[in-house]
Amino acid sequence: MELKVWVDGVQRIVCGVTEVTTCQEVVIALAQAIGRTGRYTLIEKWRDTERHLAPHENPIISLNKWGQYASDVQLILRRTGPSLSERPTSDSVARIPERTLYRQSLWLSR
């Protein structure tokens with residue numbers, strides 16, 4: 001299944017999305033495809049209402065809950081901050097490595 005996500009005002013299509021695909025997997029696929037690091041979240045937008053989707057949520061299931069309004073809902077990739085490697089380091093603060101998750105079945109279509 002294809003999932004349409006707006007990234008910097010451009011609609012991108014993520015292919016290979018299923019009902020068990022998580023938002024985290026979609027975010028990682030998009031961030032890798034556009035070649036940017038940082039912390040991202042998926043936003044579900046309907047009219048003037050926005051909701052942050054949790055990393056474990058399934059965007060297909062979330063959209064299906066909208067029923068007849070699902071086609072009016074936009075998914076938006078929003079950068080929420082720098083990656084851990086972009087943050088300034090301090091000798092007194094231990095750095096925690098960023099977890100990465102990559103799902104081979106997701107790819108970006110233009």
Quiz item: Once you list every other residue whose beta carbon is under 13 Å from the beta carbon of residue 76, what net charge do they have if Lys and Arg are +1 and Asp and Glu are -1?
Solution: +3
Practice problem: Would you kindly state how much longer the chain becomes between residue 10 and residue 39 on full extension, computed as 0.36 nm times their sequence separation minus their alpha carbon distance, in nm to one decimal? | Solution: 8.5 nm
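For a test of the definition: using alpha carbon positions, the gyration tensor, and the 1.5 limit on a/c, classify the stretch 1-57 as rounded, prolate or oblate.
Rounded, because the longest to shortest axis ratio a/c is under 1.5.
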Exercise. Quick one: net charge around residue 66, please, counting Lys, Arg +1 and Asp, Glu -1 for every other residue with C-beta under 13 Å from its C-beta.
Key: +2
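Rule-based calculations on the coordinates, nothing more; no lab input. Just so we're clear, the structure is a prediction, and the values are computed from it rather than from any experiment. A quick note on method: Cβ atoms are made from the backbone with ideal geometry, for glycine too, and the neighbour counts reach across all protein chains shown.
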